[in-house]
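Student: Quick one: the structure is below, and I'll ask about it shortly.
Every read-out reported here was derived from the displayed coordinates using simple, explicitly stated rules and does not represent laboratory data. Note that the structure is a prediction, hence the values are computed from the model and not measured. Reconstructed Cβ throughout: ideal geometry from the backbone, glycine too, with neighbour counts over all protein chains shown.
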Amino acid sequence: MKEKVEEVIDKDIRPALMRDGGNIALVDVEEDKGIVKVQLLGACGGCPMSQLTLTMVVEQHLRRKIPEVKKVIPV
């Protein structure tokens, strides 16, 4: 599952964040629980909208593409 998550982040999510001066790093994937741990970087790291970006963009996109993903949390 980690490879799938990395692929979706690299192909779909990272380019969108980079257009706004941000980035994302995959920290860990707990496959047994469906939890993906990420770190928002750049402009996204200090943005007041980062929690919204995390849930409405990152989590929803990953869950849509990879049904095994249950939750995305920041670290």
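Student: About the Cα centre, and with charges only on the beta carbon of Lys, Arg (+1) and Asp, Glu (-1), how big is the dipole of the chain? Nearest 20 debye, please. Present the calculation step by step, with values, prior to reporting the outcome.
Tutor: On the way: 12 positive and 12 negative charges, 46 e Å.
Dipole of the chain, to the nearest 20 debye: 220 debye.
Student: Related question: Could you go through the stretch 60-65 in sequence order and give the Karplus-derived ³J(HN,Hα) for each residue, using 6.51 cos²θ - 1.76 cosθ + 1.60 with θ = phi - 60°, rounded to whole Hz, and x for Gly and Pro?
Tutor: 4, 5, 5, 5, 5, 7
Student: If you don't mind, there's one more thing I want to ask. Provide the percentage of antiparallel DSSP beta bridges, counting only those with both residues in the chain; round to the nearest 5.
Tutor: Details: 8 of 12 bridges.
Just about 65 percent of them are antiparallel.
Student: Tabulate in residue order the Karplus-calculated ³J(HN,Hα) for the stretch 25-35, using 6.51 cos²θ - 1.76 cosθ + 1.60 with θ = phi - 60°, rounded to whole Hz; enter x for Gly and Pro.
Tutor: 10, 7, 9, 6, 10, 9, 4, 5, 9, x, 9
Student: Also: Just the number, please: Stokes-Einstein D of the chain in µm²/s, Kirkwood Rh from C-alpha pairs, 25 °C, 0.890 mPa s.
Tutor: Numbers: Rh = 12.0 Å.
The calculation lands on 204 µm²/s.
Student: Normalised by the number of residues in the chain, what is the relative contact order in percent for Cα pairs under 8 Å and 6+ residues apart?
Tutor: About 33 percent, as a whole number.
Student: Let me ask something else about it. Is it possible to state the helix-based mean residue ellipticity at 222 nm for the chain, with each DSSP H run of 4+ residues giving -39500 (n - 2.57), the sum divided by total residues, to the nearest 500 deg cm²/dmol? What is it? Working shown, then result.
Tutor: Values: 3 runs with 19 residues, N = 75.
Result for the chain, helices only: -6000 deg cm²/dmol.
Student: For the charge dipole of the chain, defined by +1 on Lys and Arg C-beta atoms and -1 on Asp and Glu C-beta atoms about the Cα centroid, which residue among LEU62, MET1, ILE35 has the Cα displaced farthest towards the positive pole?
Tutor: It is LEU62.
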